[in-house]
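Heads up: the structure comes next, in structure tokens.
The values are calculated or read from the model by the stated rules, or taken from the named source; none is laboratory data. Computed from a predicted model, the values in this text were never measured in an experiment. So basically every Cβ, Gly included, is an ideal-geometry build from the backbone, and we count neighbours across all protein chains shown.
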């Protein structure tokens, strides 16, 4: 589908990747209708924007909050090519009343062409996907191909240099039965492929818009979706050297991924998004590591909760004795520790000043309360080992022990392990980068294990400085006990 030639002032202001001009009207929730000329466009950051130069016409309803606030308005009209166009407007973006006045709004989505047209093929345009060879699959009665866009080489260089998302690929999904009966199902298929590719590539892969084609391969409609886009990252988990790894990964795990969604133990698509967002983040290394260990804790926690093994005793049995446990623990602590034993913090000093009697018992009682509340919950170490054992994953000697210590330091002190802490475990010291790569390795391997992937992956903890992604040493096969 050919987009209209953009008005230069809007195109350059927002850097549209595709835009449409037209005339029509905006219907407000109050029932008012505003006739206008407009240009709709989408940026590479995923934003869909509706612009109009008819500033004075919009000014009264903008001031009164009838448009661009919490309410949603709808744009309807026709492009200069005669195609129908509609968009759901959600938020006032820009109100410019200078020498060249215009008003612009965010939109949730944008449809151009016949939304009810019979389609055989949908083509989705992806950002952040760096790849080498064309990819092909046959899934659920659809022939699926990912190929490079014409300007791929330029987009890849800019993406790698700036880390900004760029459109690099076209995902084509074609019905092998003549026509697509349910477009939303195909959109879901595209979303699932993007999610799995996000895990494989270590950064968020998203589609911005799609073009629909009839059985005669004629353009029938375009649909733009307001997508949340993350920066590009090259921390791949599945590599393309050898070239079949990416194709094999999707082919092997797609059906299992669909089953995971139905099992409803985890929100696994969100878990993958969290993982990919963390790897592409420019935040502190400690915070990125903390994000990943939190993800591991989420995966282990939901697993033992689903198994009903997250508690040592039944809640009812424990709760009826919790108060007496707390009282006994408080008395025990009081008998073992005096006021002089307490750490002299500002908090303790303040309590001592304001409470002449019972100070020690009050503070130790708080300790007992905290201890009692968590007494019936399985430890993180137990839950982690439980999930790894159930997945039949093989871990290296001391790997889980080191990971748990790293997790504890990150959670409680927001730092990595120090040299002396490795010496206490009789292990060689790892610097912060290598500790982060250790966390990436365990997190990614756990997620691949949940997907029951048995192929090759890139283990960042085995990476060497001179190594390029896909070298023999770090490209290893998933290891299971059986």
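All told, residue 368 meets the bar of being assigned by TED's automatic domain parsing to the domain that holds residue 330 and on the phi < 0 side of the Ramachandran plot. When 255, 233, 273 are checked against the criterion of being in a helix (DSSP H, G or I) and within 15 Å of the chain's Cα centre (by Cα), 273 stands alone in meeting it.
In segment 50-61, the residues that are within 10 Å of residue 104 (Cα to Cα) reach residues that are assigned to a helix (DSSP H, G or I) with C-beta atoms within less than 9 angstrom, at least six apart or across chains, in these pairs: 51/9; 51/10; 51/13; 51/14; 52/58; 53/9; 53/10.
With respect to the conditions (1) modelled with pLDDT under 90; (2) touching a helix residue (DSSP H, G or I) at 6+ places or on another chain (Cβ under 6 Å); (3) under 25 Å from residue 186 (Cα atoms), residue 116 falls short on a single one, namely (2).
Filtering segment 386-400 to residues that are in contact with a strand residue (DSSP E or B) (Cβ under 7 Å, 6 or more places away or on another chain) and buried (at least 17 other Cβ atoms within 10 Å of the Cβ) leaves only 393. Looking across segment 207-230, the residues that are under 16 Å from the mean Cα position of the chain (by Cα) and at pLDDT 95 or above come down to 207, 208.
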